[in-house]
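S.K.: Mind looking over this structure? Questions follow.
The values are calculated or read from the model by the stated rules, or taken from the named source; none is laboratory data. As the structure is a computational prediction, the values presented were derived from the model and not from experiment. For neighbour counting, all protein chains shown are included, and Cβ atoms are generated from backbone atoms with ideal geometry for every residue, glycine included.
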Amino acid sequence: MGKNLSVKSPGKIYIALLRAINVGGHAIVRMADLRKLFEGLGFGNVQTYIQSGNVLFSSRESDPMKLARAIEKQVESVLGHKIAVFMFSPDELRKAAGHNPFEPARLDKEQHCQLLFLNAKPNLERQKAVLALHGNEYRFHIHGNVLYYAYSRTISGRRRTVNFEKVLDVAATARTWKVVNKLIELGEKLQAARQK
């Protein structure tokens, strides 16, 4: 299934977020198939979380961009889907979650909150364009390569649809704050197990 980038032994823990997997009837992938694909690349400790393309694994490869490209190539070759892969360590995800200004845990009953991970930092003009959409409906915050946004649960079914990738001119993938927190938790458990 392709050239192995690592052996199935302890290494660095990575969290891969695959863009647009099992969303809106497109790029339908069984998680069992996705796990096999990652294992076929020689990654260890492979596990998935829910159906939206979240994969945790270990690898001795130190270059996350190299890993992302290898995964993208393998997904397209084996599963027939051209997708973008966003790579993080548990610590990187924790830092991203820490910059969320919308107090998602405290305000969860009142609002939805998502983190949109970007493949590049948008230029200032593009950042201003998305922040200009801020108002009674949406609230936005940008830190580095993450756009944080929140909106009231009372408008969930009738809020504006915003094409953030078009406005920001970058590729992106979104996860709820709860999914991000769970991935951090799972990643840190894998790290702790690796160190025993």
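S.K.: Considering only residues of the stretch 3-23 that are within 17 Å of the chain's Cα centre (by Cα) and more than 18 Å from ASP91 (Cα to Cα), which is modelled with the highest pLDDT?
M.R.: LEU18
S.K.: Quickly run through the stretch 156-177 and pick out the residues that are over 15 Å from the mean Cα position of the chain (by Cα) and either assigned to a loop (DSSP other than H, G, I, E, B) or among the β-branched types (Val, Ile, Thr) (or both).
M.R.: Passing the criteria: SER156, GLY157, ARG158, ARG159, ARG160, THR161, VAL162, ASN163, VAL167, ASP169.
S.K.: Moving on to the next point. Looking at this structure, is VAL75 modelled with pLDDT of 95 or more and under 17 Å from the mean Cα position of the chain (by Cα)?
M.R.: no
S.K.: List every residue pair whose Cβ atoms lie under 6 Å apart, where the two residues are 6 or more positions apart in sequence or sit on different chains, the first residue falls within the stretch 153-169 and is in the same structural domain as HIS141 (by TED's automatic domain parsing), and the second residue, located anywhere, is among the β-branched types (Val, Ile, Thr) and surrounded by 10 or more Cβ atoms within 10 Å (Cβ to Cβ).
M.R.: The qualifying pairs are VAL167/VAL130; LEU168/VAL130.
S.K.: Restricting to helices (runs of 4 or more DSSP H) lying wholly in the stretch 39-155: which have 2 or more residues that are of a type in the set (Gly, Ala, Ser)?
M.R.: 64-79, 90-98
S.K.: Right, next: Just checking, does the stretch 80-95 include any residue being in contact with a Leu (Cβ under 7 Å, 6 or more places away or on another chain) and either among the small types (Gly, Ala, Ser) or modelled with pLDDT under 95 (or both)?
M.R.: Looking through the stretch 80-95, at least one residue is in contact with a Leu (Cβ under 7 Å, 6 or more places away or on another chain) and either among the small types (Gly, Ala, Ser) or modelled with pLDDT under 95 (or both).
S.K.: Exactly one of (1) touching a strand residue (DSSP E or B) at 6+ places or on another chain (Cβ under 8 Å); (2) aliphatic (A, V, I, L, M); (3) exposed (fewer than 14 other Cβ atoms within 10 Å of the Cβ) is unmet by ALA105. Its number?
M.R.: Checking ALA105 against (1) touching a strand residue (DSSP E or B) at 6+ places or on another chain (Cβ under 8 Å); (2) aliphatic (A, V, I, L, M); (3) exposed (fewer than 14 other Cβ atoms within 10 Å of the Cβ), the one that fails is (1).
S.K.: Scan the stretch 108-140 for residues that are touching a strand residue (DSSP E or B) at 6+ places or on another chain (Cβ under 8 Å) and of a type in the set (Asp, Glu) and jot them down.
M.R.: Hits for the stretch 108-140 are GLU110, GLU137.
S.K.: Further, regarding this structure: When the residues of the stretch 16-73 are filtered to those that are among the aromatic types (Phe, Trp, Tyr) and crowded, with 22+ Cβ neighbours inside 10 Å, which remaining residue is farthest from LEU118 (Cα to Cα)?
M.R.: Per the criteria, the residue is PHE43.
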